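The values are calculated or read from the model by the stated rules, or taken from the named source; none is laboratory data. The shown structure was predicted, so the numbers you read here are calculated from the model rather than taken from an experiment. All Cβ positions, glycine included, derive from the backbone under ideal geometry; neighbour counts span all protein chains shown.
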Amino acid sequence: MGVSNEAMALSERCEIIDLHIDTFIPVRLFGYDPFKRHEAGLFMGRHFGHLDVPRLQDAGLSGGMWSITTNPFRSQAGRWRTFQANLERMQALVASSEGALQVVRNAAEYAQARRAGAHACMIAVQGGNCFDGAPNGPLDVPEQLITRVTVLHLTNSQLGTASTPLSLLRTKRGLTDKGRRLVEQLDEAKIFVDLAHVHPDGFWDAVDVHDRDLPLIDTHTGVAGVTPHWRNLDDRQLRAIADTGGVVGIIFSPFFLKGGHGYRDGRMIVEHMQHVIDTIGEDYVAVGSDYDGAILPPPDFKSGDAYPRLIQFMLDRGWSPERIEKVLGQNFLRAFAQLRP
């Protein structure tokens, strides 16, 4: 892998948690087997095939938020039915792992899974409009099975406006009353409110109605202070998340990261993390790859066993082992314990 012994030792010692894994998408689309080692895979590291259980074990990936992504083109009732079926399918997938994966719902269950040697799988939702057909929204999901919900995804919805160039076609770009109510319901259910993909106007609407005693998160993003982009968070948004004790996960997609010093490899990820640290401190940044979410990662991060390379780039910047441990997992675990002990 071309990394130092120190980087490998840290990858083995630290909790490494990825806040946004989309490997359930290729499982649903074309029967991708996440328990088989795919190496470069059919897509050669482009779009899909980034991650599987053997490679995440090789990389020491301790836990991750595994997303169920909403198809916005289904009917309202169809989105809710499909989500329920996919939730059952996700649970069955984890159960079939023979202990390699374990669903966790809170910080205590995370620790229990890690003691058992399992990868801690936190079930997440991308696209809160999957709950449009549920009588009580996310409150209808049993047993706190959902850890996080991304309020918006790639398309506008009844909840509000997504952060895309198409938002220019709307005069009102914040959250709707229904979107604000969803934020309140997520707070009530102690589910992370994820502000990835939300238009800046909707971001601030969510901040206004959100319970400030609970941490806000953005699981996969870049930062505008390095790369100005419609998808990236500005410094004021970073501070708003930090003010709640939340975390910001940095995505592995060059589409949102290029710029700054012109890096073409994984150093661009750490450059964005460094800006978060310089702006709000080292306690609020995390990892949010978006692996298998149709991204094209940097060439040295096309395979999901590359997390030790990320550690090497952190060491190359002079980061202390304590800072690296925070960014890899402890920052998120602190926020997780704040939300769900």
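Search the stretch 75-87 for residues that are β-branched (V, I, T) and pair each with any residue that is surrounded by fewer than 18 Cβ atoms within 10 Å (Cβ to Cβ) when their beta-carbon atoms are under 7 Å apart and the residues are at least 6 apart or on different chains.
T82/N71; T82/R74
Considering (1) over 21 Å from E15 (Cα atoms); (2) loosely packed, with under 14 Cβ neighbours inside 10 Å, say which one A108 fails and leave the rest.
Only one criterion is unmet by A108, namely (1).
Conditions (1) of a type in the set (S, T, N, Q); (2) out of contact with any His (no Cβ under 7 Å at 6 or more places or on another chain); (3) more than 17 Å from I17 (Cβ to Cβ); (4) modelled with pLDDT under 95, marked per residue:
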site	(1), (2), (3), (4)
D283	no, yes, no, no
A286	no, yes, no, no
D290	no, no, no, no
S303	yes, no, yes, yes
P308	no, yes, no, no
Q312	yes, yes, yes, no
R317	no, yes, yes, no
E322	no, yes, no, no
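Output the number of residues of the stretch 132-178 satisfying the condition of being assigned to a helix (DSSP H, G or I), over 22 Å from P228 (Cα atoms) and touching a Lys or Arg at 6+ places or on another chain (Cβ under 8 Å).
If we filter the stretch 132-178 for residues that are assigned to a helix (DSSP H, G or I), which is where we start, we get 137-140, 142-144, 165-169, 177-178.
Those left that are additionally over 22 Å from P228 (Cα atoms): 137-140, 142-144, 177-178.
Imposing the further condition that a residue be touching a Lys or Arg at 6+ places or on another chain (Cβ under 8 Å) reduces the set to 137, 143-144.
Of the residues in that region, 3 qualify.
Is there a residue in the stretch 179-188 that is in a helix (DSSP H, G or I), in contact with a Phe, Trp or Tyr (Cβ under 6 Å, 6 or more places away or on another chain), under 28 Å from D283 (Cα atoms) and modelled with pLDDT of 95 or more?
no
Where the second residue is part of a strand (DSSP E or B) and charged (D, E, K, R) and the first is farther than 23 Å from T244 by Cα and lies in the stretch 270-296, which pairs have Cβ atoms under 8 Å and are six or more apart or on separate chains?
Y291/D18
Considering only the stretch 78-111, state which residues are among the small types (G, A, S), assigned to a helix (DSSP H, G or I) and more than 19 Å from the chain's Cα centre (by Cα). Steps first, answer last, please.
Our first condition is that a residue be among the small types (G, A, S); within the stretch 78-111, this holds for 78, 85, 92, 95-97, 99-100, 107-108, 111.
Those still in the list that are assigned to a helix (DSSP H, G or I) too: 78, 85, 92, 95, 107-108, 111.
Residues satisfying the conditions are G78, A85, A92, A95, A108, A111.
Look through the stretch 4-31, keep the residues that are in a loop (DSSP other than H, G, I, E, B) and in contact (Cβ under 8 Å) with a residue 60 or more places away in the chain, and return whichever of them is farthest from the chain's Cα centre (by Cα).
Here is the first cut: in the stretch 4-31, the ones in a loop (DSSP other than H, G, I, E, B) are 4, 14-15, 22-23, 31.
Then keep just the ones that are in contact (Cβ under 8 Å) with a residue 60 or more places away in the chain; that gives 4, 14-15, 22-23.
Values: S4: 27, C14: 19, E15: 16, D22: 9, T23: 12 Å.
Filtering the stretch 4-31 for residues that are in a loop (DSSP other than H, G, I, E, B) and in contact (Cβ under 8 Å) with a residue 60 or more places away in the chain, the one farthest from the chain's Cα centre (by Cα) comes out as S4.
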